[in-house]
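The values are calculated or read from the model by the stated rules, or taken from the named source; none is laboratory data. Bear in mind that the values here come from a model prediction, so they are computed numbers and not experimental data. Counting neighbours? That spans all protein chains shown, and the Cβs are built from the backbone with ideal geometry, glycine included. Quick note on the areas: whole protein, heavy atoms, side chains included, nothing else; ligands and nucleic acids left out. Shrake-Rupley method; radii C 1.70, N 1.55, O 1.52, S 1.80 Å.
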Amino acid sequence: EPEVTQTPSHQVTQMGQEVILRCVPISNHLYFYWYRQILGQKVEFLVSFYNNEISEKSEIFDDQFSVERPDGSNFTLKIRSTKLEDSAMYFCASSAMGQGADTQYFGPGTRLTVL
Amino acid sequence: QKEVEQNSGPLSVPEGAIASLNCTYSDRGSQSFFWYRQYSGKSPELIMFIYSNGDKEDGRFTAQLNKASQYVSLLIRDSQPSDSATYLCAVIGSNSGGGADGLTFGKGTHLIIQP
């Protein structure tokens with residue numbers, strides 16, 4: 001069964017450093033998403049991406065964040081200058097259709113620890 | 001501000017009984033509703049989605065939607081110890097304008113099935 005994959009599974013970085021989190025969405029999916037979950041808190045939407053541009057973003061997704069689809073398979077989230085409060089699980093998701101209700105399939109996540 | 005509310009639990013249910021999980025949402029125009037299951041340290045896994053008022057059954061799971069009351073529920077019949085997890089309610093809101101729509105999640109209900 002096709003699945004979303006994410007690398008690395010765990011990333012440790014120093015405050016102020018740049019990190020890139022990588023995702024490979026399900027191959028025939030067109031819509032891509034990033035979510036984060038701070039330990040003990042709810043899953044929060046960051047950004048969605050379609051047709052090589054951002055479709056929707058939340059208040060969390062400020063200028064420190066960017067997304068890119070550098071090739072036909074990868075989807076990346078970059079945090080330019082990490083802060084302690086960026087420590088969280090970051091989940092990538094993808095879906096086949098964007099309008100209305102369609103299933104968003106989640107990857108296993110990357111645990112980001114900022115020291 | 002879209003909100004999705006769930007009782008955090010824990011909700012303890014004996015094995016073989018029916019587990020009932022509830023969720024309310026603030027955006028009256030919300031269109032699509034999802035239940036995800038999340039094991040500790042893992043990513044959300046879709047259980048069911050529902051779009052229309054009424055009941056929707058899938059195996060041991062039944063989702064119920066009442067848009068007038070802004071209420072969604074999930075029933076798990078013949079509960080098994082493997083059902084012990086956190087159950088997340090998620091909603092796509094009324095301002096979704098096509099394209100990729102971000103999910104708004106509740107904090108989740110921690111369910112414990114007692115053998």
What quantity of accessible surface, computed with a 1.4 Å probe and excluding non-protein components, is buried in total between chains A and B, in Å² to the nearest 100?
1900 Å²
In the structure shown, of A:LYS42/B:LYS67; B:LYS42/B:LYS67; A:LYS42/A:LYS78; A:LYS78/B:LYS56, the pairs separated by more than 28 angstrom at the C-alpha atoms are B:LYS42/B:LYS67; A:LYS78/B:LYS56
Charge tally in the Cβ shell below 15 Å around A:VAL43, where Lys, Arg are +1 and Asp, Glu are -1, A:VAL43 excluded
+2
Gain in length, A:GLN17 to A:GLU68, computed as 0.36 nm per residue apart minus the alpha-carbon separation, to one decimal in nm?
16.5 nm
Of every hundred units of 1.4 Å-probe accessible area on chain B, the number belonging to carbon and sulfur atoms, as a percent, is 48 percent
Can you divide the C-alpha Rg of the protein assembly as shown by 2.2 N^0.38 Å and report the result to two decimal places?
1.01
Placing each pseudo-label 7 Å from Cα in the direction of the beta carbon, A:ILE38 and B:ARG77 end up separated by a distance in nanometres of 4.1 nm
Which whole-number percentage describes the relative contact order of chain B, with Cα contacts under 8 Å and a sequence gap of 6 or more?
38 percent
Inter-part distance where the stretch A:8-36 and the stretch B:18-54 are each reduced to a Cα centre, Å
24 Å
Mind checking the per residue accessible area of the protein assembly as shown for me, 1.4 Å probe, whole number of Å²?
48 Å²
Estimated inter-spin distance, A:LEU30 and A:THR5, nm [label 7 Å along Cα→Cβ]
2.5 nm
What size of dipole, in debye to the nearest 20, comes out for chain B about its Cα centre when the only charges are +1 on Lys and Arg C-beta atoms and -1 on Asp and Glu C-beta atoms?
140 debye
